[in-house]
Amino acid sequence: MNNREDGYVALATDVVDVDEHQHGLDASRLLAPVVKDYSDGGTLILLPDGKGYKYAYGPSGLPGLRHNYFALASAVFASIGGLLFGYDQGVIANVLVMKDFRERWQANAWDIGLMTAMLELGALAGALLAGTLADRYSRKASIFSACVVFCVGSLLQCSAQSLGHLIWGRAVGGVGIGALSMLSPLYMAEISPPEVRGSLMALEQLAIVLGVVLGFWTGFFTRRIPGAASWRIPLAIQIFPGILLAVGAFVLPPSPRLMIIQGDFDGALQVLARLRRRHIEDELLKIEFLEMQVEASLIQRSEERNTQHSKDSTISVEWTRWKRLLEPKFIDRTIIGILMMFFQQWSGINALLYYGPILMHQIGLGGDTIELIGSGGIGIVQFIAVVPAILFIDRLGRKPLLQWGGAAMGGSHLFIALLALFVQNDWQSHSLAGWLAVGSMYLFTAAYGTSYGPVAWILPSEVFPLSIRSKGAAISTASNWLNNFFIGLITPVFLSVSVVGTFLTFAIACFAASFWSRYYVPETANVPLEEIDRLFKSDAGREDEELRHQIMKDVGLDALIRDMAMENEEPQ
Ligand SMILES: O[C@H]1[C@H](O)[C@@H](O)[C@H](O)[C@@H](O)[C@H]1O
């Protein structure tokens, strides 16, 4: 197919930011940036200062997604992991209040708390466990295993004969969900072309919130069915997407990056060519492939350095790998991953999702419709708000979304806190204030849905180098679940003590998040994963930098770039 016909044309030079890569070309021989446009789409820019190159396979946004349909389809499939996660969160609110469910189990507040908490604690364990499995076996095998665990957990829940049975089902299901919530974004990051990586990864958030919406509405509709079917059906339905993803895990393309590290170079090149829809001789493909080799080689050498004292014990080798997250050259990324999820959760999104109906009652709005507006509506707004993020995240970058999104979220919460201060708990006689508060919650959700919602699932899988990527993603995801757990636990207490204080706390967290993202988060949009290391320039990385140059020479990347530059040079 002629790519120009399907709207996939080479990038304009100004779309490619030219001042990042630092490779060893001969400066004296290159006067202006050499720009190569490819007939299959894509651009390579060789820098005039002789220090680097930059490339993109094509534009970002919708045309980029259309062209990369194979990577898109694979990412959509992997995002079923997010769907299961969201569904489970969305369905439980309705299940817990169903007539048969309440009468049958006579669950007290403690049991209910335990049911919610067990899923989150199980997920915390699942995310950490997946951090080990994803490297030891493969991303695909781990996705498959997580699905199996998830299906077992769901089976236990929908067939529960006792409350204990149900609680254990939540815990087991949670392990699967937690593992998938870490594995899906990790896998997506590793198969995506740089120019649409943000869009593809934002699909995770789209799937999560689609799951929240589907879960909520399924429970909403089945709650009128008489008997146990009202809650067994919505808990059973989730098994089907679980099975679909488990089966699909066999046909998903493997992560080419992991294949390289496992030594399967030919296989990795074939997979990469399929994912990028390029011929294996394609120049851009060759560059990306060689970059992956450089990264893999770097990892192997530093692994050898790091694990030489613990040759015979698998556990201590594994422990050494986890400990690397705390090394000076990686600690700032570990903090970014953990804080990213911390801020996502402390933004208060789940306070609204889990306790939306209670909040509505507190501000004087009640009834079925209001409950729907409160919880169901928040899910829908979240869902709609991810769409612009998918389309523009690679063009606008992650940072502006975080910065402005955080400020808008903080502003909305602050407004609600001020309203609450003004009405002094007498919402009944201030119905306008009540509706303004609902409007503000929607505004918050829209801002969250385009910023901290999706970006928190993108950045942690991007910032870490391959050697510790799965561990970094796992620790960040664990931070998500831990903070999720705390928010779920303390929000009702917080709200009963002070509505003003609750919203003020969330407002402060959002403003802090905005400030933090402005000053401490690097922009990863359009940067190949192998190049992200350079965004975190630190003294500790200098040794690696020299090693990298050496490996670039060894694998032939240096020579390839040099040849291309010379080929295109103006005759003097
Ligand atoms: O990104 C997701 C999403 O926003 C969900 O609605 C929320 O429940 C999760 O905690 C969060 O991680």
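Okay, here's what the table says:
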| quantity | calculated |
| --- | --- |
| Where Phe511, Phe240, Phe536 fall by accessible area, highest first, once all protein chains stay in place (1.4 Å) | Phe240, Phe511, Phe536 |
| Accessible surface of the stretch 326-537 [probe 1.4 Å, protein heavy atoms]: carbon and sulfur percent | 73 |
| Percentage relative contact order, the chain, counting C-alpha pairs under 8 Å, at least six apart | 20 |
| Mean shadow area of the chain over all directions, Cα convex hull, nm² | 27.2 |
| Expected 222 nm ellipticity per residue - DSSP helices of 4 or more, -39500 (n - 2.57), all of the chain, to 500 | -24000 deg cm²/dmol |
| Solvent accessible area, Å² - Arg518, 1.4 Å probe, full protein context | 110 |
| Heavy-atom SASA rank of Lys286, Lys323 (probe 1.4 Å, accessible area, largest first) | Lys323, Lys286 |
| Over the stretch 266-360, equivalent-ellipsoid semi-axes from the Cα gyration tensor in Å | 37, 27, 12 |
| Tyr442, Tyr137, reordered so the largest accessible area comes first (probe 1.4 Å) | Tyr137, Tyr442 |
| Environment charge of Pro226, counting only residues whose C-beta is closer than 11 Å and scoring Lys/Arg +1, Asp/Glu -1 | +2 |
| Alpha carbon centroid spacing (whole Å) that separates the stretch 346-361 from the stretch 148-225 | 20 |
| For Glu546, solvent-accessible area (1.4 Å; no DNA, RNA or ligand), Å² | 120 |
| Accessible-area value, Phe70, 1.4 Å probe, nucleic acids and ligands omitted, Å² | 50 |
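The values are calculated or read from the model by the stated rules, or taken from the named source; none is laboratory data. The model shown is predicted, which means the values in this text are computed figures rather than measured ones. Glycine gets a Cβ as well: all are built from the backbone with ideal geometry, and neighbour counts include every protein chain shown. Surface accessibility is based on the protein's heavy atoms, side chains included, excluding ligands, DNA and RNA. Shrake-Rupley method; radii C 1.70, N 1.55, O 1.52, S 1.80 Å.
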